[in-house]
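Here's the structure we're looking at; comments come further down.
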């Protein structure tokens, strides 16, 4: 498949699972080749290729709101939403942003880097959606490092209290800028081992 020809993620709806595995391999090769020239976040993006394909297969972006915390995990999302051809200018002046950028695409519904804001954004989107009596999914993807921030925990508490319909994808990849510490990190590690 020519990744540069992708316009939007609708093509995934008709793909067979075996073809999605091939697509994932092609995206990984593309990311390695592209990022080796421009720089960017490689490991975090290689780790979410299948997850991002699955999200765009199951949900209907941009009607459904899919977004990433931390935002630099969005390169596969950018490819699947028609921006592969722009990767030669990734993270360059007037080029493709290294994070989700609302002005780049209708599929980018939130802008954040390393800020642990996805769950707060999700509750805000859910309140607005419900007030307007609209029906769509809100799908923040949050990693174990981002979830340990106070802002994320406060938002999680609010989401649970209000019982809003939000689908939270917890990407427990045991990766952060530095070593994860604290009770949450230890608890997640123990839960996986069990």
task = Name every residue in the range 128-161 that is farther than 13 Å from residue 117 by Cα, free of Cβ contacts under 8 Å to residues at least 24 places away in the same chain and in contact with a helix residue (DSSP H, G or I) (Cβ under 8 Å, 6 or more places away or on another chain), in order of residue number.
result = 135
query = Just wondering, is there one or more residues in the range 63-77 that are more than 27 Å from residue 29 (Cβ to Cβ) and more than 12 Å from the chain's Cα centre (by Cα)?
reply = yes
message = Checking the condition closer than 22 Å to residue 58 by Cα, in contact with a strand residue (DSSP E or B) (Cβ under 9 Å, 6 or more places away or on another chain) and at pLDDT below 80, which residue from 172, 108 passes?
response = 172
ask   = Looking at this structure, is residue 142 modelled with pLDDT of 95 or more and either over 26 Å from residue 5 (Cβ atoms) or surrounded by 19 or more Cβ atoms within 10 Å (Cβ to Cβ) (or both)?
value = no
inquiry  = Looking at (1) closer than 29 Å to residue 93 by Cα; (2) in contact with a strand residue (DSSP E or B) (Cβ under 7 Å, 6 or more places away or on another chain), which one does residue 6 not meet, given that it meets all the others?
reply    = (2)
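Matching residues to (1) surrounded by fewer than 12 Cβ atoms within 10 Å (Cβ to Cβ); (2) modelled with pLDDT of 95 or more:
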| position | (1), (2) |
| --- | --- |
| 22 | no, yes |
| 25 | yes, yes |
| 30 | no, yes |
| 36 | yes, no |
| 41 | no, no |
| 47 | no, no |
| 53 | no, yes |
ask   = Got a number for residues in the range 72-107 being surrounded by 24 or more Cβ atoms within 10 Å (Cβ to Cβ) and farther than 21 Å from residue 10 by Cα?
value = 0
ask   = Of the residues that make up the range 46-63, is at least one part of a loop (DSSP other than H, G, I, E, B) and over 18 Å from residue 166 (Cβ atoms)?
value = yes
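One line per residue, one yes/no per condition, for (1) under 15 Å from the mean Cα position of the chain (by Cα); (2) without any contact (Cβ under 8 Å) to a residue 12 or more places away in the chain:
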residue: 18; (1), (2): no, yes
residue: 29; (1), (2): no, yes
residue: 37; (1), (2): no, no
residue: 43; (1), (2): yes, no
residue: 47; (1), (2): yes, no
residue: 56; (1), (2): yes, no
request  = Just give me the residues in the range 1-20 being assigned to a helix (DSSP H, G or I) and loosely packed, with under 12 Cβ neighbours inside 10 Å, in sequence order.
outcome  = 5, 13, 14, 17, 18
remark   = Log entry, pairs with first residue in the range 71-89 being at positive phi and modelled with pLDDT under 95, second being buried (at least 24 other Cβ atoms within 10 Å of the Cβ) and part of a helix (DSSP H, G or I), beta carbons closer than 6 Å, six or more apart or on different chains, reads none
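The values are calculated or read from the model by the stated rules, or taken from the named source; none is laboratory data. These figures come from a predicted structure and were not determined experimentally. Please note: Cβ atoms are built from the backbone with ideal geometry, for glycine as well, and neighbour counts cover all protein chains shown.
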